[in-house]
Amino acid sequence: SDGSVVRDGFVATFSCVDRSSLPLPPADPCTGAGLALVDSGEVSHTFLDHNQDCSWSLSCSDTALSPQLSFSSFDIESNFDYVYLYDGTTTSGQWAARLHGTRVPRDWVALGNNAVAQYTSDYSVLGVGFVASFSCVDRSSMPPPPPDPCSGSGLTLGDSGPVAHRDLDNGQDCR
C-alpha cells in the first residue's frame, strides 16, 4: 500500500477451472490508444488505479449527428482526478468539459460528429468510478444548455428567479 488510505482488507476463495470456458476480459480503455466506439456504447470505468490515462473515442457515422454522453453514476477524486471531454478526434487543444467529484454531470453533447472522453488520475485517493451511455443525437434538436454565470460578463437577472450554480470548479469567476 502507499500509506495514504487504509481500508478493511479482503477475503477470497479460489478454484481451478478450464481456462477456455472463461469469457474474454473487457477491452481496456487504459492501454494503447484506448477504446473506439461508433454510434453507441458505454463509457465506463470502475477499475480506477493511480496514474491512469484512459480514453474513449466516440464517433457518429452519420455526420449530421453528434456524440452525447449521459452519466448514470460519477465518483472520482475532486480536484485531482478528471474526466475531460473534447470536441474532435484528439485530446490536444482545450477540453470542452472537465469533470470531477461525486455529482452526476449533466448530459454533454459534442459540437461535431466526433469526441474523446479521457480519464486521468494522480497518485493518491481514488473514487468508485463512472458510467455513461454514449449515443448519437441531432444537436439542433437539443435544448440549449443553461446559461453559464462563469463565462463572459456573467448573468443578468430580472426582479426575481432562482440563482444556482452546480458546476463548481477551481479558479472560477462567476457573476
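The values are calculated or read from the model by the stated rules, or taken from the named source; none is laboratory data. These numbers were taken from a predicted model, which means no experiment stands behind them. Ideal geometry is used to build each Cβ from the backbone, glycine not excepted, and the neighbour counts take in all protein chains shown. For the accessible areas, the whole protein counts, side chains as well, though only heavy atoms, and no ligand, DNA or RNA atoms are used. Shrake-Rupley method; radii C 1.70, N 1.55, O 1.52, S 1.80 Å.
Within the chain, what whole-number % of the accessible surface is contributed by carbon and sulfur, with the 1.4 Å probe and all protein chains included in the calculation?
Heavy-atom surface of the chain belonging to carbon and sulfur, 1.4 Å probe: 53 percent.
Which ³J(HN,Hα) values in Hz, rounded to whole numbers, follow from the phi angles of segment 112-128 under the Karplus curve 6.51 cos²θ - 1.76 cosθ + 1.60, where θ = phi - 60° and Gly and Pro get x?
x, 9, 9, 7, 10, 10, 10, 10, 10, 10, 9, 9, 10, 5, 10, x, 8
Per residue, how much accessible surface does the chain expose to a 1.4 Å probe? Answer in Å², no decimals.
66 Å²
Compute all pairwise cysteine Cβ distances in the chain, then list the cysteines with no distance under 4.7 Å to another cysteine.
By the Cβ distance rule, which asks for a partner under 4.7 Å, the isolated cysteines are Cys16.
Taking 0.36 nm per intervening residue step and subtracting the Cα-Cα distance, what contour gain separates Cys150 from Ser20 on full extension?
Fully extending the segment from Cys150 to Ser20 adds 41.3 nm.
Calculate the length of the line joining the C-alpha centroid of segment 33-74 to that of segment 95-143, in whole Å.
Answer, in whole Å: 8.
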